[in-house]
Amino acid sequence: MTSNANAAWLARAREVLVGGVNSPVRAFGGVGGDPILMVRGRGSRMWDVDGREYIDYIGSWGPLILGHGDPEARAALIAAAEAGTSFGATSPLEIEMAEMVRSFFPGCERVRMVNSGTEATMSAIRLARGFTGRDRVLKFEGCYHGHGDPFLVKAGSGLATLGISDSRGVPAATAAATLVAPFNALEAVETIFARHGSEIAGVIVEPVAGNMGTVAPEPGFLEGLRRLCTAHGALLIFDEVMTGFRVAPGGAQERFGVTPDLTTLGKIIGGGLPVGAYGGRREIMDQVSPSGPVYQAGTLSGNPLAMATGLATLRRLREPGFYERLEAVSARLARGLLRAAADLGVPAVLNRVGSMMTLFFTGEPVRDFASAKRSDTARFAAFFHGLLRRGVHLPPSQFEALFVSAAHSEADIEATIAAARGALGDLRQSG
Ligand SMILES: *Cc1c(COP(=O)(O)O)cnc(C)c1O
């Protein structure tokens, strides 16, 4: 790359920021090469420190369903900033937000706002433990629920093996309380419940997995989790931080018709500002302080900037035809990418649920973390850089979803498909 400003900024970043970034995936570890620093976004586009323009499919990792700088969200943010950035007292915006969440997610009878998706999932797990009086949590291999201690665990050596942490610094006892099953493997979950059912406080799942790349739940999987949780008195927690307002207005629970006991939200709900939320049935949520004995608090929780931007964003989603158009544009991109791979003889699988999708470089279906990991990540890296050179910025990892926003035009999609043909052609030439 012939960039000047980018190299200079990166050198400074690597001096003062850990690994040059504030969140690991931004470091391009999954694709190699130098990350590109961004200074501006508008609509479907963003611009780097050297003035180069990209069609953006990172979408800030999910929040930007309207694209960058939506006029209404911007106006709401500016108005909120002028009125006061934080009061340390309840503002009407928080009440409107909770009502708004409930209108999208009827299962969220009561809502608590927090400041990130991580905070939402940590709080939901504490609540599940407090409500049930049990300690164990079941999660799925390849599902990401933020960086809370109980979630940094993948599968051990066998089905009902107790968890071992992926991260240093997690107490062994915390990791051991986490049970892990493969995604889409209902029999494995049944086996774990048969053995540990009376110890499990909750099952937490990305109802559409996005953090191993996009993987849809197979028919019966979410329904089976619902049945097992109910039968064993465990809470079912849908982590809809990514899927909420994304795969349907009311998230995966609306799309697949399965209602969890607790829902965690983030990303789109803040319209690009730092925010998260959790909600659920009244008698469960009322266990949270100050109504109940499960403590959870936050200095900036429900802050007016995030509430106003989030509300303006969510209102846009209610516009007639919003999701239909997003679906049509996303389907067009998916078809174009698959056809390009087929024409150029590159084995690939495209998993898509609504406006989130992943092109996996593998010849076999991807239905869980093990099959996702059999993808050719070197090929993905070459594809990624081929697109980047052509002005298209994918998320820099094979194991991430790309996001289409309402700001992506059909022309953007056609330009992206043309760029993908070029990048796939390069792949073939280099073997
Ligand atoms: C992004 C994400 C989180 C973490 O949210 P942060 O705001 O990054 O803390 C949790 N769960 C899922 C499913 C996510 O995609």
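Of note:
- In this Cβ point-charge picture (+1 for Lys and Arg, -1 for Asp and Glu), the chain has a dipole of about 380 debye about its Cα centre.
- For the stretch 71-317, the Cβ-based charge dipole about the Cα centre amounts to some 80 debye (Lys, Arg positive; Asp, Glu negative; other atoms uncharged).
- Taking all Cα-Cα distances within the chain, those exceeding 34 Å account for 31%.
- Pairwise label distance in nanometres, T85 with E190, each label 7 Å out on the Cα-Cβ vector: 5.5
- Efficiency of FRET from Cβ geometry, R339 and A411, R₀ 22 Å, rounded to 0.05: 0.80
- Here the accessible area of the chain is 54 percent carbon and sulfur, with a 1.4 angstrom probe and all protein chains present.
- Interchain or long-range residues, amide H under 5 Å from G213's placed H: E400, A401
- Computed over the chain with a Gaussian network model linking Cα atoms closer than 10 Å, the most mobile of A231, A415, A372 is A231.
- Residue-normalised accessible area of the stretch 1-152, expressed per residue, 1.4 Å probe, Å²: 49
- Distances between placed amide hydrogens fall under 5 Å for G30 paired with no residue 5 or more residues away or on another chain.
- Each residue of the stretch 395-404 was assigned a 3J(HN,Hα) from its phi angle through the Karplus curve 6.51 cos²θ - 1.76 cosθ + 1.60 (θ = phi - 60°); the sequence is x, x, 6, 5, 9, 9, 8, 8, 10, 8 Hz, with glycine and proline shown as x.
- Cβ-based net charge around C229, under 15 Å, with every Lys or Arg adding one and every Asp or Glu removing one: +2
- Net charge of neighbours whose Cβ lies under 13 Å from the Cβ of T90, counting Lys and Arg as +1 and Asp and Glu as -1: -1
- For the options V18, V153, V170, a Gaussian network treatment of the chain with springs between C-alpha atoms closer than 10 Å singles out V18 as fluctuating the most.
- Base-10 log of normalised Debye intensity for the stretch 71-317 (one unit scatterer per alpha-carbon) at q = 0.07, 0.14, 0.16, 0.17 Å⁻¹: -0.22, -0.87, -1.11, -1.23
- Helical mean residue ellipticity (222 nm; -39500 (n - 2.57) per DSSP H run of 4+; nearest 500) of the chain: -12000 deg cm²/dmol
- In this Cβ point-charge picture (+1 for Lys and Arg, -1 for Asp and Glu), the stretch 273-431 has a dipole of about 140 debye about its Cα centre.
- The residues neighbouring M38, those whose beta-carbon lies less than 15 Å from its own, together hold a net charge of 0 under the Lys/Arg +1, Asp/Glu -1 convention.
- Candidate membrane-span-like segments in the chain, meaning DSSP H helices with Cα atoms spread over at least 24 Å of their own axis and a Kyte-Doolittle mean of 1.0 or above, do not occur, with no membrane implied either way.
- Amide H contacts of G67 (H built 1.01 Å from N, in plane; Pro and chain starts excluded): A406, A407 sit under 5 Å, all sequence-distant by 5 or more or on other chains.
- Accessible solvent surface per residue of the stretch 281-373, calculated while the other protein chains remain in place, 1.4 angstrom probe, Å²: 42
- Cα lying deepest toward the dipole's positive end in the chain, options A120, Y54, F221, charges on Cβ: Y54
- Here's the picture: charge each Lys and Arg Cβ at +1 and each Asp and Glu Cβ at -1 in the chain, and of I200, L186, P35 the one pushed furthest to the positive end of that dipole is P35.
- If you wrap the stretch 52-167 in the convex hull of its Cα atoms and look at it from every side, the mean projected area works out to 11.8 nm².
- The spread of Cα positions in the stretch 286-426, taken along each principal axis and listed from longest to shortest, comes to 60, 36, 25 Å.
- The calculated FRET efficiency for the pair E99 and T230, based on their C-beta separation and a Förster distance of 25 Å, comes to about 0.35.
The values are calculated or read from the model by the stated rules, or taken from the named source; none is laboratory data. Predicted, not measured: the structure shown is a model, and the values here were computed from it. Note that each Cβ is placed from the backbone with ideal geometry, even for glycine, and that neighbours are counted across all protein chains shown. Side chains included, ligands, DNA and RNA excluded: accessible areas come from the protein's heavy atoms. Shrake-Rupley method; radii C 1.70, N 1.55, O 1.52, S 1.80 Å.
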